[in-house]
Amino acid sequence: MTKHVAVLMGGLSAERDVSLRSGEACAKALEAEGFRVTRLDVDRRVAETLAILRPDVAFNALHGRFGEDGIIQGILELLQIPYTHSGVLASALAMRKDRAKDVLRAAGVPVAKGATIDRLVAAKTHVLPPPYVVKPVAEGSSFGVIIVRKDQAHPPQELTREDWSFGEQVLVESFVAGRELTCAVIGDKAHAVIEILAADGGWYDYDAKYAPGGSIHVLPANLKGNIYQTVQELALVAHRALGCRGVSRTDFRYDDSPDGTGDLVVLEVNSQPGMTETSLVPEIAAYAGMSFGELVRWMVEDASCDR
């Protein structure tokens, strides 16, 4: 019997548009693999809809709040619908950047120094000596991220905007200079490391992530052998420390400039990395010889409850 897969996409977060693109790409690939697919644009009646639909598997292509933070995972657990990616606890932990850092630090994973504070406090005074980074504690795709430059006299006033929609708590971290690296874990294996360069020479923001041609991916990253292996090892340790399942992607900074610190730090773990045409995980999988169709098929076959 043909397995029925509901692809959960869209949703209620700031990353809705990215999720729609991820979901459509995955839905097309699953159809090509022979699955019966229902595209489900998630709203607040999702539990009722899923209870009627009763798919064999839910392919979670949601990003951000309500889809990546343990909430949809809890609904799927209650309905006993097997689903892809990480479970309730791992999703909630990975989404809360400050809590995830505490767990990673305890597991021996190097992370940037920082503190969680109220956004209005961060707007009144420099919490750390510039340069530093301010980011929402529970958003993805670089939404709400502010880089405070070394010569910036005043703290970021964007934090006082009335239309600020990224929560009252922000994570303030020391700016880590250097190269942007990422490594995917598929199953329980760390795969290739990519170096990411913004095409315009700036930082890896939303446009660089998702606009065609916005970024340059160097695969495999040109790193010394021991650093390349260390990135893979840390990605796997981070994946396991947070309890991730299925697919995750860990982002790093590595400062190997002649006058740099030599630091290699984990920026964050993505428990539901993007699956768009410009996304990194499908590219890493392809480098390992796994087509996009094979990747999404594996994810469906790996789906379960109690993750």
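Go through region 108-140 and give me each residue that's in a loop (DSSP other than H, G, I, E, B), touching a residue at least 12 places away in the same chain (Cβ under 8 Å) and farther than 28 Å from Gly70 by Cα.
Start the filter on region 108-140 by keeping residues that are in a loop (DSSP other than H, G, I, E, B), which leaves 108-110, 112-113, 125-131, 137-140.
So of that shortlist, the ones also touching a residue at least 12 places away in the same chain (Cβ under 8 Å) come out as 108-110, 112-113, 125-128, 130-131, 137-140.
Correct list: Thr125, His126, Val127, Leu128, Pro130, Pro131.
Condition test on Val172, is it part of a strand (DSSP E or B), within 25 Å of Asp263 (Cα to Cα) and either in contact with a Cys (Cβ under 9 Å, 6 or more places away or on another chain) or open to solvent by 30 Å² or more (accessible area, probe 1.4 Å) (or both)?
Details: part of a strand (DSSP E or B): yes; within 25 Å of Asp263 (Cα to Cα): yes; either in contact with a Cys (Cβ under 9 Å, 6 or more places away or on another chain) or open to solvent by 30 Å² or more (accessible area, probe 1.4 Å) (or both): no.
When the stated conditions are applied, Val172 does not pass them.
Out of all the residues in region 6-18, is one or more surrounded by fewer than 23 Cβ atoms within 10 Å (Cβ to Cβ) and in a helix (DSSP H, G or I)?
Yes - at least one qualifying residue is present in region 6-18.
Take the conditions open to solvent by less than 40 Å² (accessible area, probe 1.4 Å), farther than 22 Å from Glu168 by Cβ, at pLDDT 90 or above and not polar (S, T, N, Q) and apply them to Leu76. Does it pass?
Details: open to solvent by less than 40 Å² (accessible area, probe 1.4 Å): yes; farther than 22 Å from Glu168 by Cβ: yes; at pLDDT 90 or above: yes; not polar (S, T, N, Q): yes.
Here the answer is yes, as Leu76 does meet what is asked.
Would it be correct to say that Glu33 is touching a helix residue (DSSP H, G or I) at 6+ places or on another chain (Cβ under 6 Å) and open to solvent by 40 Å² or more (accessible area, probe 1.4 Å)?
On the way: touching a helix residue (DSSP H, G or I) at 6+ places or on another chain (Cβ under 6 Å): yes; open to solvent by 40 Å² or more (accessible area, probe 1.4 Å): yes.
Yes: the conditions hold for Glu33.
The values are calculated or read from the model by the stated rules, or taken from the named source; none is laboratory data. Quick caveat, the model's predicted, so the values are computed rather than measured. Positions of Cβ are generated from backbone atoms using ideal geometry, with glycine treated the same way; all protein chains shown enter the neighbour counts. Areas reflect the complete protein model, heavy atoms only, side chains present, ligands, DNA and RNA absent. Shrake-Rupley method; radii C 1.70, N 1.55, O 1.52, S 1.80 Å.
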